[in-house]
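Notes to accompany the following structure.
The values are calculated or read from the model by the stated rules, or taken from the named source; none is laboratory data. If you're wondering where the values come from, they're calculated on a predicted model, not measured in any experiment. Quick reminder, even Gly has a Cβ in these numbers, built from the backbone with ideal geometry, and neighbours come from all protein chains shown. Just the protein is used for accessible areas: all its heavy atoms, side chains included, with ligands, DNA and RNA removed. Shrake-Rupley method; radii C 1.70, N 1.55, O 1.52, S 1.80 Å.
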Amino acid sequence: MARKSSVLFIKKWGNRIIIVAIILEMFFWPSLENLAGCGMTWICWSLFRKIGLNETIIKEHIFVWLVFLSMSLYRILPLLATLVEFNSIGYNFRVPFDTYLGETVLYLFSALAFYCATRSHNALRKLKSLLYRYGLYDRVSNKTIWILGLMGLAIRFYLMGTHVQIGDVIGKTLAGFLFFQYAPLILFFPSLYSNSQKQNDIVVRNRLATFYFIFIILLAFSTNSRYAILEPFGTFALLFVLSYVQHKTSTRQLINKKYIIYAPWQSSFLFHLLVMFHLQ
């Protein structure tokens with residue numbers, strides 16, 4: 001009852017705050033641009049209140065709900081934040097109409113995806129059965145994973161040799177497949193992609209995957225980009241968390257004992273490689 005009352009409280013007072021904010025916005029800065037911004041805020045808040053503020057959805061789909069929450073706050077908070085600074089919602093916007101329209105359309109698609117992902121309907125079941133029939137949920141092989149990884153790596157080398165500019169359709173399209181280079185990292189967690197008996201272990205005996213992991217880390221350091229350096233580590237950490245949540249085992253059970261023994265030596269070797277590579 002406490003959680004349900006909290007959700008009702010947020011709906012009630014959130015509605016009042018948004019209405020008051022819109023009234024103040026139009027009172028101090030009456031314009032069509034600001035009216036469009038208020039319309040975007042009201043549409044996004046109404047959809048979030050309708051399909052996002054649901055206790056059952058929050059408990060059963062917490063990760064999806066957090067993503068949808070961030071998308072909602074990204075479009076709701078600007079009205080409130082600019083009011084606190086006593087500025088209009090369109091402050092310093094060059095093309096406010098295009099911005100509001102584009103953000104509203106993107107949010108509508110996001111809300112539709114969230115609704116379909118969290119509600120079980122007959123149409124959604126039929127779609128899942130159709131995708132299952134065409135093999136979307138089939139277990140992938142190691143060969144497929146390596147093909148994806150090498151394809152992403154080839155795209156990375158191609159983009160490193162060219163400068164992607166605005167209007168470069170091919171470059172922008174290829175950049176969307178760049179994350180495939182991290183696909184082989186899932187080989188450390190066979191339970192996430194195959195019916196492996198080692199469901200509670202991180203498999204580090206795959207030397208090829210280990211050397212590949214070291215290689216992409218060295219490649220990331222060569223870019224001198226913090227984001228690129230954090231990507232492989234972040235991907236590995238995300239896979240670790242997914243494996244941990246899926247099997248609900250302790251961290252000591254999840255990590256293979258051999259990994260604990262060899263990890264300090266491998267980390268030391270990797271550290272020396274990174275230092276030598278960076279100094280060059």
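So which residues in region 70-83 are open to solvent by 40 Å² or more (accessible area, probe 1.4 Å) and either under 29 Å from PRO30 (Cβ atoms) or in contact with a helix residue (DSSP H, G or I) (Cβ under 8 Å, 6 or more places away or on another chain) (or both)?
Start the filter on region 70-83 by keeping residues that are open to solvent by 40 Å² or more (accessible area, probe 1.4 Å), which leaves 70-71, 73-74, 77-78, 80-81.
The answer is MET71, LEU73, TYR74, LEU77, PRO78, LEU80, ALA81.
Can you pull out the residues in region 132-151 that are open to solvent by less than 60 Å² (accessible area, probe 1.4 Å) and more than 16 Å from LEU187 (Cα to Cα)?
Residue satisfying the conditions is GLY135 alone.
Output the number of the condition that THR56 fails; it satisfies all remaining conditions of (1) over 24 Å from CYS116 (Cβ atoms); (2) without any contact (Cβ under 8 Å) to a residue 24 or more places away in the chain; (3) assigned to a helix (DSSP H, G or I); (4) of a type outside the set (Lys, Arg).
With (1) over 24 Å from CYS116 (Cβ atoms); (2) without any contact (Cβ under 8 Å) to a residue 24 or more places away in the chain; (3) assigned to a helix (DSSP H, G or I); (4) of a type outside the set (Lys, Arg) applied to THR56, the lone miss is (1).
Can you go through ILE214, ILE166 and tell me which one is farther than 19 Å from LYS143 by Cβ and at pLDDT 70 or above? Talk me through it step by step, then tell me what you get.
On the way: ILE166 fails: at pLDDT 70 or above.
Going through ILE214, ILE166 in turn, the sole match is ILE214.
Restricting attention to region 230-244, which residues are surrounded by fewer than 17 Cβ atoms within 10 Å (Cβ to Cβ) and farther than 16 Å from PRO190 by Cβ?
Matches in region 230-244: LEU230, PHE233, GLY234, ALA237, LEU238, VAL241.
Report every pair of residues separated by at least 6 positions or lying on different chains whose Cβ atoms are under 8 Å apart, first residue within region 140-152 and in contact (Cβ under 8 Å) with a residue 40 or more places away in the chain, second aromatic (Phe, Trp, Tyr) and open to solvent by less than 80 Å² (accessible area, probe 1.4 Å).
Hits for this filter: VAL140/TYR193; ILE145/TYR193; GLY149/PHE180; GLY149/TYR182; GLY149/TYR212.
Is at least one residue of region 28-45 loosely packed, with under 11 Cβ neighbours inside 10 Å, in a helix (DSSP H, G or I) and at pLDDT 90 or above?
Here is the first cut: in region 28-45, the residues loosely packed, with under 11 Cβ neighbours inside 10 Å are 30, 32.
With in a helix (DSSP H, G or I) added as a condition, the list becomes 32.
Next, only the ones that are at pLDDT 90 or above stay: 32.
Yes.
Please indicate, with yes or no, whether at least one residue in region 56-67 is buried (at least 17 other Cβ atoms within 10 Å of the Cβ) and out of contact with any helix residue (DSSP H, G or I) (no Cβ under 6 Å at 6 or more places or on another chain).
No, region 56-67 has no match at all.
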